[in-house]
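The values are calculated or read from the model by the stated rules, or taken from the named source; none is laboratory data. Computed from a prediction, not measured in an experiment: that's the story for all the values here. Because the Cβ atoms are built from the backbone with ideal geometry, glycine has one as well, and the counts that use them run over all protein chains shown.
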Amino acid sequence: MHRIMDRRRQAGEPEGDYWWCWDGLIVRDAGLPSMVKVIDGLVAAGEHETVLRHVGPEEDI
């Protein structure tokens, strides 16, 4: 994963800080501040609706 993120970072793409697939999001650096930075960037770029899946409201059991 780091090699893929390194290539994207070298190309100047924001995806150098994360990698995603249909059911996961991997953030380069561990920790909450890194996750917040990536998610803020996704929201700012309008890509959060592509990367993150809406699971709907929580239902009472």
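Yes/no per residue for (1) in contact (Cβ under 8 Å) with a residue 60 or more places away in the chain; (2) small (Gly, Ala, Ser); (3) surrounded by 13 or more Cβ atoms within 10 Å (Cβ to Cβ):
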| site | (1), (2), (3) |
| --- | --- |
| Met1 | no, no, no |
| Asp6 | no, no, no |
| Ala11 | no, yes, no |
| Gly16 | no, yes, yes |
| Pro33 | no, no, no |
| Val36 | no, no, no |
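So which helices (runs of 4 or more DSSP H) stay within the chain end to end and still have 2 or more residues that are out of contact with any His (no Cβ under 9 Å at 6 or more places or on another chain), modelled with pLDDT under 85 and not polar (S, T, N, Q)?
Qualifying helices (runs of 4 or more DSSP H): 2-10.
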